[in-house]
């Protein structure tokens, strides 16, 4: 990733401060969500799997959770994220 | 932190998102925290991730990537016709000229709004989104409600975001995927001929680059 990006926390909309913003929302509700996110991205950046493979797994997990009632998924987005990561690592035998 | 406050200033009238707030119990959260701890420790022990790299990565994604980057791309395209041409021909390359790129920023396509065409972006399958220029997606973008309704009734959904379109304006819905990620180039608002590039960038917000709103005139 490029390091030249200027950090502008004042206008970044994905911070975790619950300030009311015109079109911003909280991205992470809980710290484990933030860390599960970072694990997947970091492993992909290090080439342990292709980002596409993770996305495919995420599509399956999100679809699975929405199968019953899309408006009331059986688990939250980052729970699906975590499950996808666990499944992919298992598939790749990276945890054994 | 209260996520409920956020529901109030949310511009569209769709039912509150199931993903919009955490409805998990403390116990469930504890269980998930332990699951992540375990996974993280195991990956660190195997040397597959490093703690400081993870912290750095979170820092970048929470503070350095975001709509302020996309806004710079849009403002440049408004003031520099050559840049705009390059952006519409090879978005990934033109965005990289401004120093933005990386994971989920590959294979970018920029679609231009005109007086006769309005573009809006969705990812019907999950939540594909151009991270380097928009940051992480807002909760509503990940909802089943937005993902299905924007395809079936784009004008209705746009109205809920406060975007009323005349009947003679064509609405195009673009489905982002792992292969292609779309960014909307909004129309430059009237009365901004003498406005500087930096001031223009400050007027462009995330929703306008997803295409659910327009950039309002000064």
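Could you order the peptides B:70-79, B:56-65 from most to least packed, using the average number of other C-beta atoms within 10 Å per residue?
Per-residue mean Cβ counts within 10 Å order the peptides as B:70-79, B:56-65.
Just tell me how shielded B:108-114 is by partners: mean number of partner chain Cβ atoms within 10 Å of each residue's Cβ, no decimals.
Neighbouring Cβ atoms belonging to other protein chains average 0 per residue here.
Per-residue mean of other chain beta-carbon atoms within 10 angstrom of the beta-carbon, peptide B:64-70?
6
With 5 Å bins from zero, work out the P(r) of the stretch B:134-216 over every alpha carbon pair and list the percent per bin.
So the P(r) values, bin by bin, are 3, 12, 22, 26, 18, 12, 6, 2, 0.
What are the semi-axes of the equivalent ellipsoid of the stretch A:26-65, taken as the square roots of 5 times the eigenvalues of the Cα gyration tensor, listed largest first and rounded to whole Å?
Working through the eigenvalues yields semi-axes of 18, 16, 6 Å.
Order these peptides, B:46-52, A:32-38, by their mean beta-carbon neighbour count within 10 angstrom, highest first.
A:32-38, B:46-52
Peptide A:67-80: average number of partner chain Cβ atoms within 10 Å per residue?
Across A:67-80, the average partner-chain Cβ count within 10 Å equals 4.
Rounded to whole Å and sorted largest first, list the principal axis extents of the Cα atoms in chain B.
Cα extents, longest axis first: 55, 39, 30 Å.
For a Förster distance of 22 Å, can you work out the FRET efficiency between the beta-carbons of residue B:124 and residue B:160, rounded to the nearest 0.05?
Using R0 = 22 Å, I get an efficiency of 0.75.
Per-residue counts of other Cβ atoms within 10 Å, averaged by peptide: what ranking do you get for B:175-182, A:74-81, highest first?
Ranking the peptides B:175-182, A:74-81 by packing returns A:74-81, B:175-182.
Could you let me know the centre-to-centre spacing of the stretch A:68-95 and the stretch B:129-189, using Cα atoms, in angstrom?
If we compute the Cα centre of each part, the gap is 25 Å.
Under a point spin-label approximation (7 Å from Cα along Cα-to-Cβ), what is the residue A:67-residue B:27 distance to one decimal in nm?
2.6
Restricting everything to alpha-carbon atoms, can you work out Rg to Rh for the stretch B:68-168 with a Kirkwood hydrodynamic radius?
0.98
Helix-only mean residue ellipticity at 222 nm, chain B, DSSP H runs n ≥ 4 weighted -39,500 (n - 2.57), per residue, nearest 500. What is it?
Result for chain B: -12500 deg cm²/dmol, rounded to the nearest 500.
To the nearest µm²/s, what D does Stokes-Einstein give for the stretch B:23-64 at 37 °C and 0.692 mPa s, using the Kirkwood radius over alpha carbon pairs as Rh?
280
Give me the angle, in degrees from 0 to 90, between the Cα long axis of helix B:26-45 and the longest principal axis of the Cα atoms of chain B, rounded to the nearest 10.
Relative to chain B, helix B:26-45 is tipped by roughly 80 degrees.
For residue B:96 and residue B:198, compute 0.36 nm times the residue count separating them, minus their Cα-Cα distance, and round to one decimal in nm.
Extra length available between residue B:96 and residue B:198 comes to 34.9 nm.
Just to be sure I understand the model, the point goes 7 Å from the Cα along the line to the Cβ. What's the resulting residue B:38 to residue A:50 distance in nm?
3.1
Give me the percent relative contact order of chain B, please, defined on Cα pairs under 8 angstrom at least 6 residues apart.
25
Taking springs between alpha-carbon atoms closer than 10 angstrom, which of B:28, B:149, B:206 fluctuates most in the Gaussian network model of chain B?
Its mean-square fluctuation being the largest, the pick is B:28.
Bear in mind these aren't lab numbers, they're just calculated from the coordinates by the rules spelled out. Everything quoted here is computed from the prediction, not taken from an experiment. As a convention, Cβ positions derive from the backbone with ideal geometry for all residues, glycine included, and neighbour counts pool all protein chains shown.
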